[in-house]
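The values are calculated or read from the model by the stated rules, or taken from the named source; none is laboratory data. Treat the numbers as computed from the prediction; the structure is a model and nothing was measured. Positions of Cβ are generated from backbone atoms using ideal geometry, with glycine treated the same way; all protein chains shown enter the neighbour counts.
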Amino acid sequence: MFAPAKPPHQAFGGALFFCYATKGFVYNAEMIEDDKIIASADGIMRLDYVSFMGFLNETNRPPGGKDSMRRMAQNAFLTKDSHVLHSGCNTGYCSFELSHLIKCRVTALDLNDAMLASANKKSAKEPAPYCDLISFQKGDAHSLDFGDDTFDLVMSGGSTAFMKDKEKVVSEYVRVCKPYGFVGDVFLYYHTDPPQQVIDAINAELGISIQKWGKDDWVSLYTDAGLEAYYAYDAKMPVHPTDEDVKKYCATMVDQNGLAGDQRQVALDKLYGYMRLFNENHKYLSYAVLLCRKVPEKEQISLFGV
Ligand SMILES: C[S@@+](CC[C@H](N)C(=O)[O-])C[C@H]1O[C@@H](n2cnc3c(N)ncnc32)[C@H](O)[C@@H]1O
């Protein structure tokens with residue numbers, strides 16, 4: 001039977017902090033200096049999941065990575081005149097990918113200062129014109145600081161799953177999307193009912209509240225907000241790593257950050273705890289790239305499905 005590993009930060013009991021969706025300690029932009037993050041083993045233990053992955057400089061990709069971004073760009077008909085909103089941008093993987101493919105403008109939003117600092121550092125190293133195409137901004141997707149009908153595409157690379165009130169967030173996506181523009185997401189969904197203990201373990205470790213959502217639940221989240229389902233691409237998770245693969249991955253990720261001694265061991269245990277849990281969860285998951293269109297009027301029903 002699957003027994004979730006307990007990352008060492010659990011040992012901190014009463015010292016756990018809550019930040020929006022995730023549990024743990026959120027590190028600050030000031031903790032980053034010349035791409036090295038100053039933290040003790042103790043500090044590493046207490047980082048929340050998002051901050052910890054940022055600490056390890058993990059490229060936080062959406063499910064399907066580059067392929068998902070190509071599908072989104074092509075199927076939302078983006079051009080260099082398009083303006084995209086990337087919600088929950090983390091360190092900006094999707095923003096960079098879309099700007100590289102299309103040379104369009106991207107406004108990218110996240111709550112986490114350290115993620116934004118890291119994204120801005122990456123952006124500063126981009127050649128022209130890409131260094132000027134993306135604007136990384138702090139903001140909460142529950143209450144977007146943009147006018148109505150602003151963006152050609154409002155997208156999330158899986159971040160909406162991390163947000164507290166998804167209906168509210170999607171209503172904001174719809175509001176700031178232009179008429180006949182697109183709202184897109186790349187989401188993980190359960191193709192098979194997972195054991196409740198896997199869900200409970202993820203929720204406990206990440207301090208979030210994942211539900212056992214299937215594809216239809218995600219599509220309904222968007223269509224119930226008045227959007228028209230326009231394009232959906234479904235895929236199974238491409239690889240199922242062995243425990244050996246997970247361990248190798250964790251060691252490589254930790255070692256590429258030059259950690260040593262206690263810091264290395266704590267980071268290794270913590271990362272392995274998360275990845276072992278995710279690897280178990282992934283057995284039950286598929287992902288989809290979804291694009292929905294903002295239409296002024298609902299389309300008439302069709303008997304033959306077109
Ligand atoms: C795990 S990352 C996923 C990033 C995704 N893979 C991508 O490439 O776009 C989730 C991000 O959403 C951000 N986030 C969570 N709640 C948010 C909110 N209410 N508003 C804006 N960003 C939020 C987190 O800070 C985090 O960086």
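Provide a single number: the residues in the range 82-105 that are crowded, with 24+ Cβ neighbours inside 10 Å and within 12 Å of the ligand (Cβ to nearest atom).
Selection size over the range 82-105: 12.
Any residue in the range 161-180 that is on the phi < 0 side of the Ramachandran plot and at pLDDT below 95 sitting within a Cβ distance under 9 Å of a residue that is assigned to a helix (DSSP H, G or I) and of a type in the set (Phe, Trp, Tyr)? List the pairs, counting only those 6 or more apart or interchain.
Matching pairs, first to second residue: Ala161/Trp218.
Criterion first (within 13 Å of the ligand (Cβ to nearest atom) and either free of Cβ contacts under 8 Å to residues at least 60 places away in the same chain or surrounded by 14 or more Cβ atoms within 10 Å (Cβ to Cβ) (or both)) does Ala141 satisfy it? First the steps, then the outcome.
Values: within 13 Å of the ligand (Cβ to nearest atom): yes; either free of Cβ contacts under 8 Å to residues at least 60 places away in the same chain or surrounded by 14 or more Cβ atoms within 10 Å (Cβ to Cβ) (or both): yes.
Criteria met by Ala141.
Would you point out which residue out of Ala117, Ala108 is part of a helix (DSSP H, G or I) and within 13 Å of the ligand (Cβ to nearest atom)? Don't jump to the end; show me each part of the working.
Details: Ala108 fails: part of a helix (DSSP H, G or I).
Just a single option satisfies the conditions, and that option is Ala117.
Among the numbered conditions (1) more than 17 Å from the chain's Cα centre (by Cα); (2) more than 13 Å from the ligand (Cβ to nearest atom); (3) buried (at least 16 other Cβ atoms within 10 Å of the Cβ), tell me where Glu172 comes up short.
Here Glu172 clears every test but (2).
So how many residues does the range 160-179 have that are of a type outside the set (Ser, Thr, Tyr) and part of a helix (DSSP H, G or I)?
Number satisfying all stated conditions: 11.
How do the pairs read when you match residues in the range 61-76 that are more than 10 Å from Tyr233 (Cβ to Cβ) with residues anywhere that are surrounded by 23 or more Cβ atoms within 10 Å (Cβ to Cβ) and among the small types (Gly, Ala, Ser), using Cβ under 7 Å and keeping only pairs 6 or more apart or on different chains?
If the second residue must be surrounded by 23 or more Cβ atoms within 10 Å (Cβ to Cβ) and among the small types (Gly, Ala, Ser), the pairs left are Pro62/Ser68; Pro62/Gly157; Ala76/Gly184.
Can you name the residue in the range 50-64 that is surrounded by 21 or more Cβ atoms within 10 Å (Cβ to Cβ) and part of a helix (DSSP H, G or I) and is also farthest from the ligand (Cβ to nearest atom) among such residues? Steps first, answer last, please.
Initial filter on the range 50-64 (surrounded by 21 or more Cβ atoms within 10 Å (Cβ to Cβ)): 50-52, 54-55, 62-64.
Now restrict to residues that are part of a helix (DSSP H, G or I): 50-52, 54-55.
On the way: Val50: 5, Ser51: 9, Phe52: 11, Gly54: 8, Phe55: 13 Å.
Going through the qualifying residues, I end up with Phe55.
Could you please tell me which pairs satisfy a Cβ distance under 7 Å, a separation of 6+ or placement on different chains, a first residue in the range 206-229 that is more than 27 Å from Tyr49 (Cβ to Cβ), and a second residue that is among the β-branched types (Val, Ile, Thr) and part of a strand (DSSP E or B)?
Close Cβ pairs (under 7 Å, with a partner that is among the β-branched types (Val, Ile, Thr) and part of a strand (DSSP E or B)) amount to Leu227/Val183.
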